[in-house]
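Each remark here refers to the structure printed beneath this line.
Bear in mind that the values in this text are calculations on the coordinates, not laboratory data. All values derive from a computational prediction rather than experimental measurement. A quick note on method: Cβ atoms are made from the backbone with ideal geometry, for glycine too, and the neighbour counts reach across all protein chains shown.
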Amino acid sequence: MTEAEAPRHSPGISPGRARRLAFQRAQRRRSLSIGAISTIVVFGTVALVVVNSPGWEAVKESFFSWEDFKASFPEILSGFATNVRIFLIAEVLILFVALVLAVIRNSRSPLLTPLRLGATAYVDVIRGIPTIILLYLFGFGIPALRLQGVPNSQEFWAITTLVVSYSAYVTEVYRAGIESVHESQRAAARSLGLTSGQSMRFVVLPQAVRRVIPPLLNDFVALQKDSALVALLGVQEAFRKAQIYVAETFNFTAYLAAALLFLLLTIPLARFTDYLIRRQQQRTGGIRS
Amino acid sequence: MKRYIALIAVLGLVLAACATDGGDGAESGVSCEKENLTLVQEGVLTIGTDDPVFDPWMIDNDPSNGQGFESAVAYAVAEELGFTAEEVEWVVVPFNNSYAPGEKDFDFDINQISITPERDEVVDFSDGYYNANQALLGFADSEIASVTTLEELRAFRLGAQVGTTSLDFINDVIQPETEPLVYDTNADAKAAFDAGQLDGLVLDLPTAFYVSDVEIEGSAVIAQFPTGGETGEQFGMLFEEGNPLRDCVNEALANIDLAAIQQEWLSDGVDAPVIALD
């Protein structure tokens, strides 16, 4: 927007161009002020309506109490460490498992047909089941079998469920990336004497993965938020800590504190994703700016 | 911009103050005649409770059959206030919704809600209708079954439902070495216990007896803790803050024979060993 502010009466500029520049400046000023006014009017009206609603005093007290925010925050923060641990471990496993599944789905060897079928069925079935239900099935169902050697820890099953569920989505992201690599790349690799596996490993995947980094990060943001689901299994993560505080005091501010912690992680990540997308577009010549 | 926000805020506060002032006209000298009661629905006593509800508080997940301790108490109160059984209507109120700000769609909520000073600031409670002892549920053949003191109990992995005084009891009184497991509902907590994910579950005593007798084979009430009693933990009915109906319900509660209802529906708990509080 601010680039190329041409000097007003520099001698090198024709009168026509000067007029054009002046007109563009006026247009910019106009859209800026319209934007500012409409923003103030819209948000101001919303704020007025909320603040003047008959229940506002009660809502303010129970959702925006600074005392309760301060009192609940340390516990919630300690719970949030559990969220971070869970989603970091899960993300590493998901990226690996999904990549393997995606490669299997895109394999061409007739020998691998049963594996291919299995991977397709896995994605279809798991993607169709809500994560929360998977969590109940895995977290309460499998330990109840009381099998020898099967771990019994809540966090283990929480992470397993997230890995199982998210791998199905991320497999599809990888697959889209692999399929976006032009067939000629593979053909060229094969003609150079690379085996099918080698051309996947050294030619297709490096291009595919780079292309899907933004959607992968997008799924990572979703995973961070879904790490709150593991509270169901008894794990005291940030949301559960907040819920405990809320139930003790009947004041909802603690939820706000938990939301803030999630935002502190997801917003920078979302901005970073946007940045990567922009950079990629510039690189591949999609948009010049 | 800043001034604008401040202006909005001031305006809002003024308007809000005006809006809330109108509410509390009728007060004091409450008459508990049925036609003078303030009700959410004319001529009907609307009572809230969760869904599902469990034995022995209510039977067959049906609050309207008058069976189970809380259902029986609710109908006894309704009768005292002059309502027939047909004039009682039940609405589903999950525990976490019962204290949300805003208008309530029930006259009172009965759902084993413990009276605490913090909660009392946000809602109103009736007098206690039950003195709740906490109890420890464990498998009879497991290590926890031999525990006889609070100190020994600290080494075990315990669990409870979120928002319950059972959880507070674990945190404040038992203070276990490992962080307790906390579940959304008692049903989840029981499932985890049954799956062997925790050593012991803390519940109120009647629920613990029901679980050990009927629901989970091999489990037993390992101990009870004398947390109830006149000065201890009590269950109360929950009202919207300032609801004048509360005084009438208290009057009704004083007139009904709670001990007899308790005798009918709740185990007396004498066969569970008591672990003294320090």
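Overview of results
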quantity	calculated
By average C-beta atoms within 10 angstrom, highest first, the peptides B:153-166, A:71-84	B:153-166, A:71-84
Averaged over B:185-191, number of beta-carbon atoms from partner chains that fall within 10 Å	2
MRE, 222 nm, helices only [DSSP H, n ≥ 4, -39500 (n - 2.57), over chain A, to nearest 500]	-24500 deg cm²/dmol
Unit charges on C-beta of K, R, D, E only; dipole of segment A:215-287, Debye	340 debye
Beta bridges per DSSP with both ends in the protein assembly as shown, % antiparallel, nearest 5	60 percent
Residues of type lysines that B:Lys104 reaches as a straight line, Cα spacing below 25 Å, ignoring anything fewer than 8 places off in the same chain	A:Lys60, B:Lys34
Cut-off 18 Å, label 7 Å out along Cα→Cβ of A:Leu264, residues of segment A:54-76 by amide N	A:65-76
Cβ-based charge dipole, the protein assembly as shown, positive-most Cα from B:Pro101, B:Leu81, A:Ala18	A:Ala18
About the Cα centre, charge dipole magnitude for chain A (Lys/Arg +1, Asp/Glu -1 at Cβ), debye	1860 debye
Charge dipole (the protein assembly as shown, unit charges on Cβ, about Cα centre) - positive-most of A:Val164, A:Ile34, A:Pro143	A:Ile34
Charge-dipole axis of chain B as Lys and Arg at +1 and Asp and Glu at -1 on Cβ define it, positive-most pick from B:Val211, B:Gly66, B:Tyr183	B:Tyr183
Of all DSSP beta bridges in segment B:137-278, antiparallel share, percent nearest 5	45 percent
Residues A:Thr284, B:Thr227, sorted so that the one with the fewest Cβ neighbours within 10 Å comes first	A:Thr284, B:Thr227
Segment B:202-248 versus segment A:15-49: alpha-carbon centroid distance in Å	63 Å
For chain A, built as a Gaussian network whose Cα springs stay under 10 Å, the top-fluctuating residue of A:Ser196, A:Ser165, A:Ser14	A:Ser14
Candidates B:Asn171, B:Asn111, B:Asn133, ranked by Gaussian network fluctuation over chain B, Cα under 10 Å, top entry	B:Asn171
Residue-averaged beta-carbon neighbours from other chains (10 angstrom radius) around B:175-184	4
Relative contact order of chain A, defined on C-alpha pairs under 8 angstrom at six or more residues apart (%)	27 percent
Segment A:22-179 - convex hull of the alpha-carbon atoms, volume per residue in Å³	252 Å³
Inter-part distance where segment B:35-96 and segment A:160-218 are each reduced to a Cα centre, Å	60 Å
Total charge dipole magnitude, the protein assembly as shown, about the Cα centre, Cβ charges on Lys, Arg, Asp, Glu only, Debye to nearest 20	7880 debye
Rounded, prolate or oblate (a/c below 1.5 giving rounded, otherwise prolate when a/b exceeds b/c) for chain B by Cα gyration tensor	oblate
Relative contact order of chain B, pairs being alpha-carbon contacts under 8 Å that are 6 or more residues apart, as %	25 percent
